[in-house]
Every structure is written in structure tokens, then in C-alpha cells.
Amino acid sequence: MVLTGLTLLGMLLAALALWPLRDSVAQGASVVGLLLVYMAGRVPAAWRALAALWNDRILDIDLLMVVAAIAAAAVGAPFEGAVLLTLFSVSTTLEDRALGRARRAVEALMALRPETALRKAPDGTVMEIPAADLKVDDIFVLRPGARVPSDGVVATGRGALDEANITGESMPVSKQQGAKVFEATVNLDGVLEVAVTKTVEESTVARMITLVTEAQAQKAPSERFSEWFGQRYTIAVLLGAVLAFAVFLWLENDWHVALYRAAVLLVAASPCAIVISVPAAILSALSAAARGGVLFKGGAALETLAAVDTFAFDKTGTLTTGKASVTRVVALDGNEEEFLSLLAGLEAHSEHHSGAAIRQEAADRGITPAEVENVVALPSEGITGDRAGETLWAGNPRMAARRGAEIDHAPLAVLAEDTQTVIYFGRDARLLGAVSLADQTRPSSRPALRHFAEAALRKSS
């Protein structure tokens, strides 16, 4: 990036040679600019060309650019050579920037990994150690708010984990004994003891880093063709320049004239358009997609999109908002305002996504949450609290069974038959009612799906 900036600055100074006044200051600045372009633009390219020639026995476009720039300077046209080097430097920067996306993606994944873990020894003592020191079958303790240090299986405990950064699932996932957990996911509630099944080097994040690096490093078909063509084109142009020099000498031209015409061939045949257009086009497309919220795993995936005729969408967080909201409230005594006041007061102490949805519903209706004390969360079941000497509770059927409450009520049958999440709410052993929660469809989902359907019809017709 710095060398490209120096090259562009040098090109700007070199352009002063075209200034109509052509005074001594402009001419001097032009000479300085040309020297700057040749130093900043040619030396790195020459180094790459020599490395490719020495290590891989490849004559690539780097070499052709350098030879063409030198030839232009040798025949008294350094400005034309500077233009070649500037364009080539810009194209190289664009390609490096595209590869930088892979580095940034890997760095983002690395940032998700916790540095330490709480390993539980056989005698029951817990010690904080580097996450990299965890071995298969080790037991680590996972507290609320902590990230999982390595892949494993829940040995004891219950809780909900946020796996959005790994699986894309925006809703918390309930975990209990025997459930798999993935490195870098976040424990939302409950204390879990997890048995390590894979070391950090073999974990989910490690595999993701490998896949991202490989995917980002893959060249698009057009880039591969450009590279394949460039090697053969370089050889052809260099041989053509040598042949042109020999032919013009054979035609009894002065060697200066023959060299000039061979240099013209080199400069004119330098494939600036090929070198700069492919990475520039791919980078532009990737950047435009990213601004629209679409991320591609490199140019190869982007070009493959042209042949796609079927799209599959993950529903949660893609077609839907990824945020639960209350869809229905059923108070068995018919007083929804008091029902929501008590329920929202209990859920005011909860960080679970269902609690946030219930609090939002109460706020939307202008209902003030009741005061509830001694709130306790029971992982994978629900939440309890005290009010006026009575115990309020909210949760799933396991919570209702724990409190001895009967949930088989006719008004709740429609909720039980639905596929939505149902939260039952009661006081002591009495069921007060229930609410259903669901992830809502994004406003933009229907028009987007309609657009795809119409595009498919146009393609088939």
C-alpha cells in the first residue's frame, strides 16, 4: 500500500513534464517523480519476478512489466514506462487487499477463542489454565457468561448457550448432560461441567480457520485463467520482442531503430488490462456485496453464483428477525393486564431471550411489571420468585410438573398444538396462564423470496 502510494505520487510529479509552461521546476519535479515511480514500482516487481524465475522457473507478468518499463526508459520514453509501473502497482495492491480479507476473517475467528479455561482435577479442585493446555477427557467448568474453551460434551449441569457465532443459530440452545458444545460459544446461564472431546488444535474454530483460509486463498476461475494466460503470454511477448529486434536488424535498420521498435512492442503488448481488470473487478464485487450485508468466501464463490439456480435459506436470523416476540397471551382468569404485570415482574430478573420478549410485550401495552423478590433461574426449566409470601414461577412443562401444576387446560390447547414456544406461568401449584413466543418474519423476506421466484420464472421462460 505504501509503495503504491509512492508510485502514484511519483506519477503525479512525472506528469508535470506535460505541463504547458515546462519550466525548470516542473521538469525537475518530473525527473524526481520518474525516479520515484521506477524505484517504488519496479524494484518490488523485479524482486517478485526474479523469485518466481529462480524458485519456480516461471516467466510471469511481473518480469514482462519490468522488462517493458526498462525498455521504455532505454528508448527515451520513461513516462510511458512509468504509466505501466503505476497501473501494475495499483493492480498488485488490489490483489493484496483482496487477500487481506482472509487475514481479517482469520483474526476475527481467533478473537472468539478464550485464552484460559477452568480445569477440574480428579480431586475436585478447579484451576485456571491456558485453553491450549486442555487435553481430551479433561473436565472444565463453564460459568455463566464464559466462552467455551474447547469442543466437548456436557458431563453435568444444564444451561443455554449462544451458538450464533459458530452455527448461525440466533436463538439460545438448551444444553444438558450428553449435549455437544462448541469452542467459542457463550454460556448464558447455569454452571456446566464439560468433558473435552477435541483439543484446541482440532476444535471447531480451528477447522473454521482452516476452511476460511483455504476458501479465501482460492482464486476465481477468471483469476486462474489470467495467471495461466499470463505465463504463456509473457514468454510469447519476450520472444516476439527478440524476434522483432532481429528482423529489423536483418532489414538493415540501425540497431537503435531496431531496439526502439522492439521496445515499442514490449510496451504496447504489456497486459495492463488483463493484470488490473480481474482483481479489480472481483474486489469491487466483493466489496459491493459486503456493503449489502452479503459475504462471499472469495472470488471463486462469487463467480459460481452465476450458475446457481436454487437457493436454500437458514430461517432463523435470515428470513426471520432472530428475536423472539410474544404472539399470544392466554390468562386463565381473563385478566391479561395483571397476568402480564406479574409475569413481566418475574422475568425482569431474567437474561433469557424469552424474558426479554415478555418484558417488551408488557412495555408495548404500557403495563408496569410487579415487584418480585428472591428470583432464581433453573436452567432448562424456567425461573421462580417470591411475591407476597407466594411463589411465582414461569417455564416449560418440566417447571410446571416441578410445582405440581396441571397444564391440561382447554384454553391452552391451541398453544400446545402450535410449533411456537410456550411459557407457562403460575402461582404455587396453580396455573395462571401461558404465553406463546415466536421468531417473526423480516419485512424484507417476502419481497426477497418473491424476487427470486420471479427471476426463476424469467429464466425458465
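Take Asp428 and Ser460, extend 7 Å from each Cα along the Cα→Cβ direction, and tell me the distance between the two endpoints in nm.
Roughly 6.3 nm, to one decimal.
Specify which residue in the list Ala117, Thr167, Ile139 is farthest towards the positive end of the charge dipole of region 112-208, using unit charges on the beta carbon of Lys, Arg (+1) and Asp, Glu (-1), about the Cα centre.
Thr167
I want the local charge near Ala388. Using Cβ-Cβ distances under 12 Å, sum +1 for each Lys or Arg and -1 for each Asp or Glu among the other residues.
Local net charge: -3.
May I ask you to derive the relative contact order of region 112-208, considering only C-alpha pairs under 8 Å and at least 6 residues apart, and to give it as an integer percent?
33
Please list, in order along region 234-240, the HN-Hα scalar couplings obtained from phi with the Karplus expression 6.51 cos²θ - 1.76 cosθ + 1.60 (θ = phi - 60°), rounded to whole Hz, x for Gly and Pro.
3J(HN,Hα) across region 234-240, in whole Hz: 4, 4, 5, 5, 4, 5, x.
For region 173-207, which trypsin sites (Lys or Arg not before Pro) are both in a DSSP coil and crowded by at most 10 other Cβ atoms within 10 Å?
none
Which GluC sites (Glu not before Pro) from region 330-432 combine a DSSP loop assignment with at most 16 other Cβ atoms within 10 Å?
For GluC sites (Glu not before Pro) across region 330-432 that sit outside H, G, I, E and B with at most 16 neighbouring Cβ atoms in 10 Å, the list reads Glu351, Glu371, Glu406.
Take region 112-208, compute every pairwise Cα distance, and split them into 5 Å bins from 0; I just need the percent in each bin.
3, 16, 28, 28, 19, 5, 1, 0
Can you compute the FRET efficiency between Arg442 and Asp333 using 1/(1 + (r/R0)^6), with r the Cβ-Cβ distance and R0 = 35 Å? Round to the nearest 0.05.
0.45
Using a basic spin-label model with each label point 7 Å from the Cα along Cα→Cβ, how many nm lie between Glu373 and Val126?
2.9
Find, among the trypsin sites (Lys or Arg not before Pro) in region 295-372, those assigned to loop by DSSP (not H, G, I, E, B) with at most 12 other beta-carbon atoms within 10 angstrom.
none
Take the Cβ-Cβ distance between Ala453 and Asp254 as r, set R0 to 56 Å, and report the resulting FRET efficiency rounded to the nearest 0.05.
FRET efficiency, Ala453 to Asp254: 0.20.
Length gain on complete extension for the stretch Ala281 to Arg365, per 0.36 nm per residue less the alpha carbon to alpha carbon distance?
25.1 nm
Which whole-Hz ³J(HN,Hα) couplings does region 138-149 yield from phi under the Karplus relation 6.51 cos²θ - 1.76 cosθ + 1.60, θ = phi - 60°, glycine and proline marked x?
5, 10, 10, 9, 10, 8, x, x, 8, 8, 6, x
Across region 316-441, how large is the tail of the calculated P(r) beyond 20 Å, expressed as a percent of all Cα pairs?
37
Quick one: which residues, 5+ away or cross-chain, put their amide H under 5 Å from the amide H of Leu332? H built at 1.01 Å from N.
Excluding prolines and chain starts, which carry no amide H, the hits are Gly433, Ala434.
Just so you know, all these numbers are worked out from the coordinates, no wet-lab data involved. Every value quoted in this text rests on a predicted model; they were computed, and no experiment measured them. Methodologically, a virtual Cβ is constructed for each residue, glycine included, from the backbone with ideal geometry; neighbour enumeration extends over all protein chains shown.
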